[in-house]
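Structure, as structure tokens:
The values are calculated or read from the model by the stated rules, or taken from the named source; none is laboratory data. These numbers were taken from a predicted model, which means no experiment stands behind them. Using ideal geometry, Cβ is built from the backbone for each residue, glycine included, and neighbour counts are taken over all protein chains shown. SASA here: full protein model, heavy atoms, side chains in, ligands and nucleic acids out. Shrake-Rupley method; radii C 1.70, N 1.55, O 1.52, S 1.80 Å.
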Amino acid sequence: MIPKPGNQRGFTLIELMVVTGLSTVAIGLVVATLISQQKNHITQDALVDMQQNLRAAMEVMGGDLQMAGYDPTGNAGARFLVADRAELQFQMDRNGDGDLINIGPPATPDTGELIRFALTNDANRDGTADGTPCDLGRELDGGGFQVLAENIDALNFVYLDRNGTVLPTPVADMSLISSVQVTVVARSGRTVPVLFIRHRDTTAYHNRQGTTILAAPNDDFRRFAIMHEFRCRNLQLN
Ligand SMILES: [Ca+2]
Ligand SMILES: [Ca+2]
Ligand SMILES: [Ca+2]
């Protein structure tokens, strides 16, 4: 049967608009998924970088702390000078010449024999960043901080005597220090919201004793916390 003219079945304008609309939504969802996956990928890369940098920084700090008080002649008097919850400083007779200075004039510290760790932006020394940028700083011979790890929100030191008893900070009798627990909380350099899913950091961060060292930030940054205990083996010899 031949259809009558004007009675052919086709798309109405409304049907076309619906189909076009659905296609647009479908394409949009595919693109959104791809962007989301890409952002996730970038996030993972940033987190891996952050963790690796932090581990490397802890290795440097551990190497230094193991040398704290190194005094092979017993004449240099190398020891801890500062042992507080967010800052520590110590000496070592690295070149073994029996003192800690280059006799001048002018007198200067023997190279690499005075080391300090603290956050670079923590004027009140409570161990939490006062603002950004804030990094983990290592100072050699009083020459100003060098950045050891970037984007640090919290730094905490706990000092233990040879029996493993925690010493109150600031430590009054630094000859009692046998080991140091170091806890660091790092943050990814930028917020990384994944499409449709916002990451919210509602974690409060603690040291091993359960003391809060960073209250829940409630922001969109991702964080990584690391804790190591380093034995200051040279302090045991003095
Ligand atoms: Ca020396
Ligand atoms: Ca010297
Ligand atoms: Ca602070």
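One table, with the values for the structure above:
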{"item": "Check on ASN95, more than 11 Å from ligand 1 (Cβ to nearest atom) and of a type outside the set (Gly, Ala, Ser)", "result": "no"}
{"item": "Exclusive hit being away from ligand 2 (no atom under 16 Å from the Cβ) and open to solvent by less than 50 Å² (accessible area, probe 1.4 Å), set ASP99, ASP126, ASP93, ASP122", "result": "ASP122"}
{"item": "Check on GLY69, within 15 Å of ligand 3 (Cβ to nearest atom) and either buried (at least 20 other Cβ atoms within 10 Å of the Cβ) or under 17 Å from the mean Cα position of the chain (by Cα) (or both)", "result": "no"}
{"item": "Test: residue in segment 99-122 that is away from ligand 1 (no atom under 11 Å from the Cβ), in a strand (DSSP E or B) and among the acidic types (Asp, Glu)", "result": "no"}
{"item": "Matching option when the condition is modelled with pLDDT of 95 or more, over 30 Å from PHE224 (Cβ atoms) and not aliphatic (A, V, I, L, M), among ASN7, ASN75", "result": "ASN75"}
{"item": "Neighbours by Cβ (under 6 Å, 6+ apart or cross-chain): first from segment 87-106, closer than 15 Å to ASN234 by Cβ; second within 16 Å of ligand 3 (Cβ to nearest atom) and aromatic (Phe, Trp, Tyr)", "result": "LEU88/PHE117; LEU88/PHE157"}
{"item": "All positions within segment 148-189 that are surrounded by fewer than 16 Cβ atoms within 10 Å (Cβ to Cβ) and assigned to a strand (DSSP E or B)", "result": "VAL166"}
{"item": "Subset of segment 102-119 [near ligand 2 (Cβ under 9 Å from one of its atoms) and open to solvent by less than 10 Å² (accessible area, probe 1.4 Å)]", "result": "ASP110, GLU113"}
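For every residue, the table says whether it meets (1) over 15 Å from the mean Cα position of the chain (by Cα); (2) of a type in the set (A, V, I, L, M); (3) outside any helix (DSSP H, G or I); (4) surrounded by fewer than 21 Cβ atoms within 10 Å (Cβ to Cβ).
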position	(1), (2), (3), (4)
LEU54	no, yes, no, no
MET58	no, yes, no, yes
GLY63	yes, no, no, yes
THR73	yes, no, yes, yes
ALA83	yes, yes, yes, no
GLN89	yes, no, yes, yes
